[in-house]
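Shown next, in structure tokens, is the structure this report addresses.
The values are calculated or read from the model by the stated rules, or taken from the named source; none is laboratory data. Quantities reported herein were computed from a predicted structural model and do not represent experimental measurements. Every residue, glycine as well, gets a Cβ built from its backbone with ideal geometry; the counts of neighbours run over all protein chains shown. The accessibility values were calculated without ligands, DNA or RNA, using every heavy atom of the protein model including side chains. Shrake-Rupley method; radii C 1.70, N 1.55, O 1.52, S 1.80 Å.
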Amino acid sequence: MSVGEILLEKGKITPEHLQTALAARKGSGERLDRILVRLGYVDERDVLEILGKQLSMPVIDLNEVEVDVELLKKVAKLVHKRGLVPLRGNGEALRVATCDPFDVYGLDELRMETGLTRIDPVLASEADIQQVIRQHFGVGGSTIDEMIDEEDVELLSDSVDENGDLMELAQEATVVKLVNDIVSEAIRDRASDIHIEPYEHDLNIRYRIDGVLHTTQVPAQIRRFQAAIISRIKIMSNLNIAEKRLPQDGGFKARVQGREIDFRVSVIPMTFGEGVVIRILDKQTSLHSLEALGMGPELLTEFQSLITRPHGIILVTGPTGSGKTTTLYSALNTIVSDELKILTLEDPVEYYLQGVNQVQIAEKIGLTFARGLRSFLRHDPDVILVGEIRDKETAEVAINASLTGHLVFSTLHTNDAATANTRMLDMGVEPFLVSSSLEGVLAQRLVRTICKHCKEEYEPDPASLPADFELAPGENLCRGRGCRECRGSGYAGRIGIYELMMMTPELRDLVVQRCSATALLDEARKQGLVLLREDGWRKVRAGTTTPEEVLRVTKA
């Protein structure tokens, strides 16, 4: 029986899956099992188990075996070219991991390269093999080796002024592949940003994963190709490669793993060259429900009562990267219906929402938040989302919209819910307008969640915990040990912690009197306001996150 038939018999795939894969194989020459894995119909591990039984080859987990690093470096070309990972040898035989048991030519090449009489192949997943390669050679290691070997590629330094030569080098196939490797690795690791930072003797590449920067392994020789890499990114982003003295902003789109992804690019001049930050915006990311974002039952009920009101302003506050836009999108997704006309004004549009009319800001041609919002009111909307209230003009137009019967959602950069009112007053908005239009303020932060693959309970030391976290006698907490799935961090994914201040008559009176944020907070606390930090401690006790994460994103 073929692998496809065995998978069908075991119930791992459906007949439709098999037919689709067979159709995709026609004319491609690609193995059927590879197509099934690539299309996401079956896990690679299931295929390896079947191949292992058919070919009498053991299947291993590369994270649990020792790799012969010295030999790995010696046969680097074969490692990159054939995906072969030498594990251990005894002078006569060599155990080697492969994800392709039919690659006999690769095994023969390895035999000739090492001079060993016997090669004993074992099966490992392609993902594990690529992880080993990245760990020991860095992202784009094979491409760097290829570039160094190419005699027709001239290595350029930052001091080169011939932009024509730089343009030519930036479009070399190897440079294109190197940049693709860097971007693909970031997407594979669920990164939100790529940071390319030049220093005197090296080029640092970091990925922001779950809100925290991680330095990724890159080959030492990558510094020699700094100019080509940055020029390639500029070409992709329609930026001027000759301009190296001024900051530039641009972007590009790419299809990665069947998804269309937007990339926002910012280039700034630094001491040792240009620094680049690439923001990754996956517009096809599925939206989460409000419950999945981390809202508890009580807060969820209050927030849902807010977003179904006929008019008023609802603000979501927090620093950049705290998930404000995601929360607002989820709120819109909750209330979207054929009966409501919903318009959004964003910079940029981060997700596409079915049934919602979305407009992107274009300040270069005069389409600002305030101007767009004025035009929106002539489109007879029921609900309006304004990406951000940045100035008095936008704030006043938003307030006027809410007072004329529209429900307005927006974001504001403040540290907590109570300071949102005073921030509006600081912009110059009249207190009575803020008091009469604002319905509620949701402050939020994102904390990393404990990796489910390496989660464990432990008994914490009470002395190591913050004073405002009360530990019950015998109470255990959870943490992540660190594993392959979470890159050893112990965390995978993020969840929100929230602070919802519902406007009451008492709070509205304090706003009209221009009382301080402290006075507003004291009154809100009397009415049962749960602080960000307190919501964080609830999630620590629930085993969702750790005390360290709550301390990282909140203040006492």
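The single condition from (1) aliphatic (A, V, I, L, M); (2) at pLDDT below 80; (3) within 32 Å of the chain's Cα centre (by Cα) that VAL75 fails is (3).
Test LEU84 against the criterion of being touching a strand residue (DSSP E or B) at 6+ places or on another chain (Cβ under 9 Å), farther than 29 Å from SER2 by Cα and of a type in the set (A, V, I, L, M), and give yes or no. It is false that LEU84 is touching a strand residue (DSSP E or B) at 6+ places or on another chain (Cβ under 9 Å), farther than 29 Å from SER2 by Cα and of a type in the set (A, V, I, L, M).
Checked across segment 307-329, the condition of being of a type in the set (Ser, Thr, Tyr), at pLDDT below 95 and assigned to a strand (DSSP E or B) holds for no residue.
Does LYS53 meet the test of being of a type outside the set (S, T, N, Q) and in contact (Cβ under 8 Å) with a residue 40 or more places away in the chain? No, not satisfied.
Counted as qualifying within segment 56-134 are the helices (runs of 4 or more DSSP H) with 1 or more residues that are open to solvent by 40 Å² or more (accessible area, probe 1.4 Å) and under 21 Å from ARG38 (Cβ atoms), namely 76-82.
Tally time: how many residues in segment 1-42 are in a loop (DSSP other than H, G, I, E, B), hydrophobic (A, V, I, L, M, F, W, C) and loosely packed, with under 12 Cβ neighbours inside 10 Å? Counting residues in segment 1-42 that are in a loop (DSSP other than H, G, I, E, B), hydrophobic (A, V, I, L, M, F, W, C) and loosely packed, with under 12 Cβ neighbours inside 10 Å gives 1.
Yes/no matrix, rows are residues, columns are (1) of a type in the set (A, V, I, L, M, F, W, C); (2) touching a Ser or Thr at 6+ places or on another chain (Cβ under 9 Å); (3) surrounded by fewer than 17 Cβ atoms within 10 Å (Cβ to Cβ):
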position: LEU446; (1), (2), (3): yes, yes, no
position: HIS453; (1), (2), (3): no, no, yes
position: PRO462; (1), (2), (3): no, no, yes
position: LEU465; (1), (2), (3): yes, no, yes
position: GLU475; (1), (2), (3): no, no, yes
position: ARG479; (1), (2), (3): no, yes, no
position: GLU485; (1), (2), (3): no, no, yes
position: THR504; (1), (2), (3): no, no, yes
position: SER516; (1), (2), (3): no, yes, yes
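Here's a check for you: in segment 471-508, which residue that is free of Cβ contacts under 8 Å to residues at least 24 places away in the same chain and under 31 Å from the mean Cα position of the chain (by Cα) is nearest to GLU298 (Cα to Cα)? Residue satisfying both the conditions and the ranking: ASN476. When segment 364-423 is filtered for residues that are touching a residue at least 12 places away in the same chain (Cβ under 8 Å), β-branched (Val, Ile, Thr) and open to solvent by 60 Å² or more (accessible area, probe 1.4 Å), only THR404 remains. The strands (runs of 3 or more DSSP E) found wholly in segment 442-556 and carrying at least 3 residues that are modelled with pLDDT of 95 or more and among the hydrophobic types (A, V, I, L, M, F, W, C) occupy 491-502.
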